[in-house]
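Contents: one structure, followed by commentary.
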Amino acid sequence: MPDINITIIDRDKKAHQISVPTDMNMNLMEACKSYDFPIEGICGGMAMCASCHVYVNSNQLLNNISQDEQAMLSEAFHLKDSSRLGCQIQISSKLDGMIFEIAPE
């Protein structure tokens, strides 16, 4: 499978285009960590913390939130309508061209 290109906006509002493989069963949190973005992922991707909180530019991704993720986000700071946990967004070809912003700490 080919790589996809996504844009990550860091906490300084600088945009970075990154290339991520779709065949490694990664999530967005892992992809960001592989590029050394300041996403902690304290719980290891179990949706039990909000240290991988991001904002997304797609309503499609906002309609697919599990109850566990919604519960964790309800406790997060800097919540927006576009909030998601990066660990719950699987890397796939559907994300190609999307923009994600890392939420403030």
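Rule-based calculations on the coordinates, nothing more; no lab input. Quick caveat: nothing in here was measured; it's all calculated off a predicted structure. Every residue, glycine as well, gets a Cβ built from its backbone with ideal geometry; the counts of neighbours run over all protein chains shown.
Return the equivalent ellipsoid semi-axes of the chain as a descending list in whole Å, where each equals the square root of 5 times an eigenvalue of the C-alpha gyration tensor. Show your work: numbers first, answer last.
Values: eigenvalues 75, 44, 36 Å².
Working from the Cα gyration tensor, I get semi-axes of 19, 15, 13 Å.
Quick check: the distance between the Cα centres of the stretch 32-46 and the stretch 87-105, to the nearest angstrom?
If we compute the Cα centre of each part, the gap is 12 Å.
Return the sequence-ordered ³J(HN,Hα) values of the stretch 22-30 in whole Hz as given by the Karplus equation 6.51 cos²θ - 1.76 cosθ + 1.60 applied to θ = phi - 60°, using x for Gly and Pro.
9, 9, 10, 6, 8, 10, 4, 4, 5
Could you give the longest part of the chain that holds none of the trypsin sites (Lys or Arg not before Pro) found in DSSP loops with at most 15 neighbouring Cβ atoms within 10 Å?
Working: sites that count: 11, 13, 14, 80.
Longest stretch, sites excluded: 15-79.
Using just the helices of the chain, give the 222 nm mean residue ellipticity in deg cm²/dmol: DSSP H runs with n ≥ 4 each add -39,500 (n - 2.57), and the total is spread over all residues, rounded to 500. Let's see the in-between values first.
Working: 3 runs with 18 residues, N = 105.
After summing the helix terms and dividing by residue count, I get -4000 deg cm²/dmol.
Determine ³J(HN,Hα), in whole Hz, for all residues of the stretch 75-91 in sequence, where each value follows from phi through the Karplus function 6.51 cos²θ - 1.76 cosθ + 1.60 and θ = phi - 60°; x replaces Gly and Pro.
Each residue of the stretch 75-91 in turn: 9, 7, 7, 6, 5, 10, 4, 9, 6, 8, 8, x, 5, 9, 10, 6, 6 Hz.
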